[in-house]
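Engineer: Dropping the structure in here first, questions after.
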Amino acid sequence: MKKNIFLTIFIFFFNFLVFAQDDTLFFGTAIDGFPISTSKLKKIQKEIGIKPDIIVFFLMWPNKEKINNSFNLTYSLDAIDQFGAISCITWEPMFLNNSQEQTILKADIVNGKYDEYLDEFIFQIKAFKKPIIIRFAHEMNLSRYHWGVEKDEYNESSPDIYIQMFRYIVDYFKKNKVKNALFAFCPNVDSVPNTSWNKFKNYYPGDKYVDILGLDGYNWGTCASEKNLGWNSSWRSFKKTFQNPVDELRDLSMLKPIIVFETSSAEKGGNKTYWLEKAIKEAKSLDITALCWFQVNKECKWKITEKQKNILRKQFFNRKYSIKKWIEGMKK
């Protein structure tokens with residue numbers, strides 16, 4: 001136990017001494033689609049004007065009838081590695097049933113019904129050998145996902161259910177001696193519903209199960225309305241979006257790095273270019289290690305455009321340290 005504490009403190013001060021003095025902030029992109037090809041990555045680089053450090057992609061689980069179906073994760077991991085970036089797998093325990101999302105129940109996971117799928121997934125992760133980030137069941141504090149339960153059962157029992165699932169997955173990786181996976185705990189900045197049981201701290205699996213703390217949060221501007229999304233949004237800065245959530249995560253762990261795995265700004269309601277420029281400065285002031293931009297136009301026009309490219313080129317053109325050096329330090 002003491003050895004683990006001293007190791008954690010060593011890693012913290014190693015990262016502080018090596019990276020903090022250089023004011024390093026890594027920049028990544030969250031993208032849709034799977035598998036991830038080299039041509040797709042080059043397209044993203046062209047869109048944002050720089051080469052991203054982290055590629056966040058989304059991967060659903062299979063339904064029980066397709067557990068034994070083959071899948072090729074290595075192809076995407078190799079493409080991202082050769083591109084010079086780190087992979088972050090947003091690993092979603094759900095599948096599509098007639099185009100509808102179907103959440104996998106906790107019992108099916110912790111009672112071993114998906115162990116064959118986990119075995120194949122782990123085989124490919126171990127074969128890859130290089131460090132990756134796994135963001136299992138992200139945004140657990142949003143009823144939109146209700147991980148491990150049916151939607152009408154998302155309630156005060158959900159945090160405990162989530163913890164059981166998260167710990168089962170991490171323990172399964174440890175049992176299979178996976179050395180190159182870093183697990184991220186990643187709530188959304190806003191809890192829905194906003195109730196006492198739905199706070200970050202209630203879902204936290206514990207320090208021995210989490211390597212990286214994460215957050216997802218967006219400036220919706222005036223993009224959302226009762227008419228199109230069922231609620232009204234307003235413009236808010238990066239700092240206003242993330243300050244309190246960062247403080248909540250720091251209450252859970254002072255030493256673990258924080259990565260924003262999804263963020264963006266809408267165009268409606270303010271100046272998106274200025275928002276990005278300030279966001280980079282504010283992320284550094286909040287001691288955030290990396291900021292990943294959601295490069296997909298979905299509910300709003302989230303993507304980096306020509307107007308924002310120069311901001312990224314100016315801020316990230318001369319980075320002294322590589323993301324790969326940082327993540328190798330995390331695994332020591």
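The values are calculated or read from the model by the stated rules, or taken from the named source; none is laboratory data. It should be emphasised that the depicted structure is a prediction, and the values quoted were computed from it without experimental measurement. Neighbour counts are summed over all protein chains in view; Cβ atoms, including those assigned to glycine, are modelled from backbone coordinates with ideal geometry.
Engineer: In the stretch 146-158, which residues are part of a loop (DSSP other than H, G, I, E, B) and crowded, with 23+ Cβ neighbours inside 10 Å? Steps first, answer last, please.
Structural biologist: Looking only at the stretch 146-158, we keep the residues that are part of a loop (DSSP other than H, G, I, E, B), and these are 146-147, 149-150, 154-157.
Correct list: Trp147 only.
Engineer: Return the total of residues in the stretch 221-243 being surrounded by 16 or more Cβ atoms within 10 Å (Cβ to Cβ), among the hydroxyl-bearing types (Ser, Thr, Tyr) and either assigned to a loop (DSSP other than H, G, I, E, B) or without any contact (Cβ under 8 Å) to a residue 24 or more places away in the chain (or both).
Structural biologist: From the stretch 221-243, those surrounded by 16 or more Cβ atoms within 10 Å (Cβ to Cβ) are 221, 223-224, 233, 235-239, 241-242; that's our starting set.
Applying the additional criterion that residues be among the hydroxyl-bearing types (Ser, Thr, Tyr) yields 233, 237, 241.
Subset that is either assigned to a loop (DSSP other than H, G, I, E, B) or without any contact (Cβ under 8 Å) to a residue 24 or more places away in the chain (or both): 233, 237.
Matching residues across the stretch 221-243 total 2.
Engineer: Also, quick follow-up: Quick check on Phe294: is it at pLDDT below 95 and either touching a helix residue (DSSP H, G or I) at 6+ places or on another chain (Cβ under 7 Å) or under 20 Å from Gly49 (Cβ atoms) (or both)?
Structural biologist: Values: at pLDDT below 95: no; either touching a helix residue (DSSP H, G or I) at 6+ places or on another chain (Cβ under 7 Å) or under 20 Å from Gly49 (Cβ atoms) (or both): yes.
Spelling it out, it is not the case that Phe294 is at pLDDT below 95 and either touching a helix residue (DSSP H, G or I) at 6+ places or on another chain (Cβ under 7 Å) or under 20 Å from Gly49 (Cβ atoms) (or both).
Engineer: Looking at the stretch 2-17, can you tell me whether even one residue there is more than 30 Å from Glu153 (Cβ to Cβ), modelled with pLDDT of 95 or more and surrounded by 12 or more Cβ atoms within 10 Å (Cβ to Cβ)? Please lay out each step first, then the result.
Structural biologist: Going residue by residue through the stretch 2-17, those that are more than 30 Å from Glu153 (Cβ to Cβ) are 2-17.
Among the residues that remain, those that are also modelled with pLDDT of 95 or more are: none.
No, every residue in the stretch 2-17 fails to be more than 30 Å from Glu153 (Cβ to Cβ), modelled with pLDDT of 95 or more and surrounded by 12 or more Cβ atoms within 10 Å (Cβ to Cβ).
Engineer: Oh, and also: Hey, can you tell me all the residues within the stretch 109-135 that are without any contact (Cβ under 8 Å) to a residue 12 or more places away in the chain and in contact with a Phe, Trp or Tyr (Cβ under 8 Å, 6 or more places away or on another chain)? Steps first, please.
Structural biologist: Our first condition is that a residue be without any contact (Cβ under 8 Å) to a residue 12 or more places away in the chain; within the stretch 109-135, this holds for 111-112, 123.
Selection gives nothing.
Engineer: So, one more: Among the numbered criteria (1) closer than 30 Å to Gly206 by Cα; (2) in a loop (DSSP other than H, G, I, E, B); (3) modelled with pLDDT of 95 or more, which single criterion is violated by Glu267?
Structural biologist: Of (1) closer than 30 Å to Gly206 by Cα; (2) in a loop (DSSP other than H, G, I, E, B); (3) modelled with pLDDT of 95 or more, only one is false for Glu267: (1).
Engineer: Could I ask something else about it? Scan Lys51, Lys113 and give me the residue that is at negative phi, surrounded by fewer than 19 Cβ atoms within 10 Å (Cβ to Cβ) and in contact with a Lys or Arg (Cβ under 8 Å, 6 or more places away or on another chain). Steps first, please.
Structural biologist: Details: Lys51 fails: in contact with a Lys or Arg (Cβ under 8 Å, 6 or more places away or on another chain).
On inspection, the qualifying residue turns out to be Lys113.
Let's see how each residue does on (1) over 15 Å from Glu248 (Cα atoms); (2) outside any loop (DSSP other than H, G, I, E, B); (3) at pLDDT below 95:
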residue: Asp160; (1), (2), (3): yes, yes, no
residue: Ile169; (1), (2), (3): yes, yes, no
residue: Val178; (1), (2), (3): yes, no, no
residue: Asn194; (1), (2), (3): no, no, no
residue: Trp197; (1), (2), (3): no, yes, no
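Engineer: Let me ask something additional. Looking only at the stretch 316-332, how many residues end up being surrounded by fewer than 18 Cβ atoms within 10 Å (Cβ to Cβ) and either of a type in the set (Val, Ile, Thr) or over 21 Å from Leu255 (Cβ atoms) (or both)?
Structural biologist: Total satisfying the criteria: 6.
Engineer: Additional query: Looking only at the stretch 71-108, filter to residues that are in contact (Cβ under 8 Å) with a residue 24 or more places away in the chain and small (Gly, Ala, Ser); which one of those is surrounded by the fewest Cβ atoms within 10 Å (Cβ to Cβ)? I'd like the intermediate steps shown before the answer.
Structural biologist: To start, the set of residues in the stretch 71-108 that are in contact (Cβ under 8 Å) with a residue 24 or more places away in the chain comprises 71-97, 102-106, 108.
Adding the requirement that they be small (Gly, Ala, Ser) leaves 76, 79, 84-85, 87.
Details: Ser76: 23, Ala79: 19, Gly84: 14, Ala85: 25, Ser87: 24.
The selected residue is Gly84.
Engineer: Go through the stretch 305-332 and count every residue that is in a loop (DSSP other than H, G, I, E, B) and over 20 Å from Phe83 (Cα atoms).
Structural biologist: Of the stretch 305-332, the ones in a loop (DSSP other than H, G, I, E, B) are 305, 317-322, 332.
With over 20 Å from Phe83 (Cα atoms) added as a condition, the list becomes 305, 332.
Total meeting the criteria: 2.
Engineer: Could you list, in sequence order, all residues of the stretch 43-70 that are part of a helix (DSSP H, G or I), in contact (Cβ under 8 Å) with a residue 40 or more places away in the chain and more than 16 Å from Lys303 (Cβ to Cβ)? Break it down stepwise before answering.
Structural biologist: Here is the first cut: in the stretch 43-70, the residues part of a helix (DSSP H, G or I) are 43-48, 64-66.
Now restrict to residues that are in contact (Cβ under 8 Å) with a residue 40 or more places away in the chain: 44, 47-48, 64.
Within the stretch 43-70, Lys64 is the sole residue that qualifies.
Engineer: Which one of Thr38, Thr24 is modelled with pLDDT under 95 and either β-branched (Val, Ile, Thr) or within 19 Å of the chain's Cα centre (by Cα) (or both)?
Structural biologist: Of the residues listed, the single one that is modelled with pLDDT under 95 and either β-branched (Val, Ile, Thr) or within 19 Å of the chain's Cα centre (by Cα) (or both) is Thr24.
Engineer: Just checking, how many residues over the stretch 288-307 are more than 14 Å from Thr263 (Cβ to Cβ) and surrounded by 23 or more Cβ atoms within 10 Å (Cβ to Cβ)?
Structural biologist: Result for the stretch 288-307: 0.
Engineer: Please find, among Ile80, Ile36, the residue that is assigned to a helix (DSSP H, G or I), closer than 19 Å to Pro131 by Cα and of a type outside the set (Gly, Ala, Ser). Give the steps one after another, and end with the answer.
Structural biologist: On the way: Ile36 fails: assigned to a helix (DSSP H, G or I).
Exactly one of Ile80, Ile36 is assigned to a helix (DSSP H, G or I), closer than 19 Å to Pro131 by Cα and of a type outside the set (Gly, Ala, Ser), namely Ile80.
Engineer: Would you pick out the residues in the stretch 86-111 that are charged (D, E, K, R) and farther than 17 Å from Pro187 by Cβ? Please lay out each step first, then the result.
Structural biologist: So the first thing to find is which residues in the stretch 86-111 are charged (D, E, K, R), and the list is 92, 101, 106, 108.
Hits for the stretch 86-111 are Glu101, Lys106, Asp108.
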